[in-house]
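This report concerns only the one structure given below.
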Amino acid sequence: MFLQTSTDRRLQACAWLTIALLASGCSTSKEEMLPHGGATMMEVWDQGTTGSAGSAGSRLLLDARQSLRRPLAPPQAAVHNDNAAFTRTAQNEIYSQFQRLPNPDLVMYVFPHLAGSDPAPVPGYTTVFPFYQRVQYAMPGERTEDY
């Protein structure tokens, strides 16, 4: 038979003790690792970002300050923008006198085909192009509402 010395017994005892400690470390419960509290996600977020639980009050304060802030543009700019619609410029004179005529789009489907000297397959696709080659304008006084 095999004779064991005292050092072999000690090593074997240490090995069993190590295995027992490792096995007991894995026996943690889920509730202990991930406790379920009554906090909402917003409260958890507030605690994580500000580090304090009283951040809801600070959020209300920031919202109140935001509603009291004045706009960046002075009120004169709003009046200026209202008058801009009545001001004559080169752009609005051209658009008011020479209105664009409608140019309908034609939609064409190209079926799958072979193309090139060494026929290569081309998948089917859809393309759009205007009916008229150039943009057409109405003469001053012509009615364009009927189009």
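The values are calculated or read from the model by the stated rules, or taken from the named source; none is laboratory data. A quick note: this is a predicted structure, and the numbers were derived from the prediction, not measured. Backbone-built Cβ (ideal geometry, glycine too); neighbour counts: all protein chains shown.
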query = For Glu32, which of the numbered conditions (1) of a type in the set (D, E, K, R); (2) at pLDDT 70 or above; (3) assigned to a helix (DSSP H, G or I) fails to hold?
reply = (2)
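Determine, yes or no, whether Ala64 is within 26 Å of Glu142 (Cα to Cα), of a type in the set (A, V, I, L, M, F, W, C), at pLDDT below 85 and exposed (fewer than 10 other Cβ atoms within 10 Å of the Cβ). Talk me through it step by step, then tell me what you get.
Details: within 26 Å of Glu142 (Cα to Cα): no; of a type in the set (A, V, I, L, M, F, W, C): yes; at pLDDT below 85: yes; exposed (fewer than 10 other Cβ atoms within 10 Å of the Cβ): yes.
Here the answer is no, as Ala64 does not meet what is asked.
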Answer from Arg59, Arg10 - the residue that is part of a helix (DSSP H, G or I), modelled with pLDDT under 75 and surrounded by 10 or more Cβ atoms within 10 Å (Cβ to Cβ) = Arg59
ask   = For region 36-53, what are the residues that are at pLDDT below 70 and exposed (fewer than 10 other Cβ atoms within 10 Å of the Cβ)?
value = Gly48, Thr49, Gly51
key: Enumeration of residues in region 87-133 that are in contact (Cβ under 8 Å) with a residue 24 or more places away in the chain, of a type outside the set (Phe, Trp, Tyr) and assigned to a loop (DSSP other than H, G, I, E, B)   = Gln99, Leu101, Pro102, Asn103, Pro104
query = Given (1) at pLDDT 70 or above; (2) out of contact with any Pro (no Cβ under 7 Å at 6 or more places or on another chain), where does Arg143 come up short, assuming only one miss?
reply = (1)
